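Here is the structure we will look at.
A short reminder: the numbers here are calculations on the coordinates, not readings from a lab. Everything numeric in this text was worked out from a predicted model, so none of it was measured. No Cβ is skipped: glycine too gets one built from the backbone with ideal geometry, and neighbour counts run over all protein chains shown.
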Amino acid sequence: MKKRLIWLDLFTLFCLLVLSACHETEVTSERSADQSETPFVTTRDASITSLDTTVENTLRIYPLRVGSSWVYEYLGYDETQEVIWRVTETVMDAEMVDGYYVAEMERVAELLEGTPDDDFKHTPVTGVFWYIIDGGKIYRSGSDPGIRLSDARLELIIPFPDPDEGWYPDPGKRASLEPGGNGFRHASEPYKESFAMDGSLICYNIVTEVFEGKDEGTFCETVGFFYFEQVDFDQPVGFRVELKGFSLQN
């Protein structure tokens, strides 16, 4: 199993040296170099011995394997202030449930700047959730991973549909075949984004149609989400998330 670490600061990725014979690395960025190391898991569920080729390809594009970790800078804001957190998402476990690959994710947040009130609207949600992979479809559930897929959010479809096609993540709207409605999600044509030490990655702009608002992200193959933003046009509130570092299990 190979681990790799990449530093990301806006548009540039920097590689770190391998620190030990077991390839332990730390996830950080120039802005957060004086902060504590980000914990990550180094084990993998040995009970998963083989996977369907479609699932393997999905995991190649979005490496939701045990031990993979992503570190984000999360900026939430309203009309009174801006607040910054350091958010870390880590795959803590993986198992097969009813024939589906299920990755258990833990999300933790560390307050870096600002003093948000208890009712601050865009505080990052923390805790445990699950990604459920059914072939090329990636669902997200905030409850027991045994939940029916018909009740889970369909976050991504890999490979991505054509730009004029798409899907509704909301299970209540998913049966709709009408594109362009509120909550409809679609991906751009793939494009290459170059990085200093890691060559180029194939990326997509992911847009969810929101009336009187903005819901957009950037997803790059073999890594995951680099950027995500939500804005409410009716009020000066929203949040922006940028990837600052990651450690992946391949």
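Brief remarks follow.
- For the pair segment 83-118 / segment 204-225, the C-alpha centres are spaced 18 Å from each other.
- Compactness ratio for segment 91-219: Cα radius of gyration over 2.2 N^0.38 Å (N = residue count) comes to 1.21.
- Here the Karplus relation 6.51 cos²θ - 1.76 cosθ + 1.60, evaluated at θ = phi - 60°, turns the backbone of segment 89-100 into coupling constants of 10, 10, 7, 8, 7, 8, 7, 9, 10, 6, x, 9 Hz, with x for every Gly and Pro.
- Those trypsin sites (Lys or Arg not before Pro) in segment 104-138 that DSSP places in a loop and that have at most 15 other beta carbons within 10 Å: 121
- Packing, as the average of other Cβ atoms within 10 Å across residues, places the peptides 232-239, 243-250 in the order 243-250, 232-239, highest first.
- Estimated FRET transfer efficiency when R0 is 30 angstrom, pair residue 79-residue 140 (beta carbons, to 0.05): 0.50
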